[in-house]
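Trainee: Below is a structure I'd like to ask you about.
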Amino acid sequence: MTAAGCYPEMPPPGGFSFVPFLRLPPLPMDATRLIAIRHGETAWNVDTRIQGQLDIPLNDTGEWQAGQAGQALAGEIVAAVYASDLLRAYRTAERIGMALGLPVTPDTGLRERGFGRFEGMTFAEIESTLPEQAHRWRTRDPLFAPEGGESLVVFRQRVVETVHAIAARHAGEQVVIVAHGGVMDVLYRAATRQELQAPRTWKLGNAAINRLLWTPEGLSLVGWADDAHLMRGERDDLTV
């Protein structure tokens, strides 16, 4: 099942794409390197239950993943760590910040897409009780917003503006951003110039390391979905 803000258990035809890290060129003075990381796993990820902006903590696997991400980044030169203020992302960022010796700056602009009425429901519950809305969600209708939630258009604008502001604040530096699957999806699409409606062929794994370059002209992709630091299987099947 593929829907806006959810991450299918089975890969699309041809499999998920992996973008290897490239040799980094000299950094232009007005550019910022971004390390973007989705939060570690939660119990609701495992249950395929929509979290949205509900404050769900990491499970034991998620705590382990967060620690592994911190170890993987421990040797990096990083100016700041930013995170969604939701606990699953903020706690992941804390583990990374501890490894880097940096505090975490919360930013509500990095929150997951607001799913309104969908929040707390499983995929199956949405399909059975709200079939018409489920169809618009699955087909990535950019203007569809669940009752009390955000449309993809509004969500993308929030994320892009937030990341632009963070990156502009750190020109010539490298920063870590810890957020959610939907946020990672927006960043990938912005960096690769893909439309909101385009089917997803890239992974959004918990605690995977993604790298982008920001300039005032926009984002570009450096590397995506590096999970070498995660030594056992993890889920890429949901939500936010």
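Trainee: Exactly one condition in (1) modelled with pLDDT of 95 or more; (2) in a loop (DSSP other than H, G, I, E, B); (3) in contact with a Pro (Cβ under 7 Å, 6 or more places away or on another chain) is not met by ASP237; state its number.
Mentor: The single condition ASP237 does not satisfy is (1).
Trainee: Answer yes or no as to whether LEU213 is hydrophobic (A, V, I, L, M, F, W, C) and either at pLDDT below 95 or assigned to a loop (DSSP other than H, G, I, E, B) (or both).
Mentor: Answer is no for this residue.
Trainee: If you take just the helices (runs of 4 or more DSSP H) that sit entirely in the range 81-159, which of them hold at least 1 residues that are open to solvent by less than 50 Å² (accessible area, probe 1.4 Å) and free of Cβ contacts under 8 Å to residues at least 60 places away in the same chain?
Mentor: Filter on the range 81-159 gives 87-100, 131-138.
Trainee: Collect the residues in the range 163-176 that are out of contact with any Lys or Arg (no Cβ under 6 Å at 6 or more places or on another chain), open to solvent by 20 Å² or more (accessible area, probe 1.4 Å) and not in a loop (DSSP other than H, G, I, E, B), keeping them in residue-number order.
Mentor: Matches in the range 163-176: HIS164, ALA165, ALA168, ARG169.
Trainee: Find the residue count for the range 35-80, including only residues that are in contact with a His (Cβ under 9 Å, 6 or more places away or on another chain) and either of a type in the set (A, V, I, L, M, F, W, C) or farther than 24 Å from TYR188 by Cβ (or both).
Mentor: Residues that pass the stated criteria total 8.
Trainee: Every residue in the range 37-78 that is small (Gly, Ala, Ser), modelled with pLDDT of 95 or more and either open to solvent by 40 Å² or more (accessible area, probe 1.4 Å) or part of a helix (DSSP H, G or I) (or both), please.
Mentor: Within the range 37-78, ALA43, GLY62, ALA66, GLY67, ALA69, GLY70, ALA72, ALA74 qualify.
Trainee: Are any residues in the range 180-192 within 13 Å of the chain's Cα centre (by Cα) and open to solvent by less than 20 Å² (accessible area, probe 1.4 Å), and if so, which ones?
Mentor: HIS180, GLY181, GLY182, VAL183, MET184, ASP185, VAL186, LEU187, TYR188, ARG189
Trainee: As an exercise: evaluate GLU195 against (1) open to solvent by 40 Å² or more (accessible area, probe 1.4 Å); (2) charged (D, E, K, R); (3) in contact with a strand residue (DSSP E or B) (Cβ under 6 Å, 6 or more places away or on another chain) and give the number of the one condition it does not meet.
Mentor: (3) is the only condition that GLU195 fails.
Trainee: Oh, and also: Before we move on, is PRO28 modelled with pLDDT under 95 and open to solvent by 20 Å² or more (accessible area, probe 1.4 Å)?
Mentor: Against the criterion (modelled with pLDDT under 95 and open to solvent by 20 Å² or more (accessible area, probe 1.4 Å)), PRO28 qualifies.
Trainee: Look through the range 199-228, keep the residues that are surrounded by fewer than 19 Cβ atoms within 10 Å (Cβ to Cβ) and free of Cβ contacts under 8 Å to residues at least 40 places away in the same chain, and return whichever of them is nearest to TRP44 (Cα to Cα).
Mentor: Restricting to residues being surrounded by fewer than 19 Cβ atoms within 10 Å (Cβ to Cβ) and free of Cβ contacts under 8 Å to residues at least 40 places away in the same chain, the top hit is SER220.
The values are calculated or read from the model by the stated rules, or taken from the named source; none is laboratory data. It should be emphasised that the depicted structure is a prediction, and the values quoted were computed from it without experimental measurement. Reconstructed Cβ throughout: ideal geometry from the backbone, glycine too, with neighbour counts over all protein chains shown. Quick note on the areas: whole protein, heavy atoms, side chains included, nothing else; ligands and nucleic acids left out. Shrake-Rupley method; radii C 1.70, N 1.55, O 1.52, S 1.80 Å.
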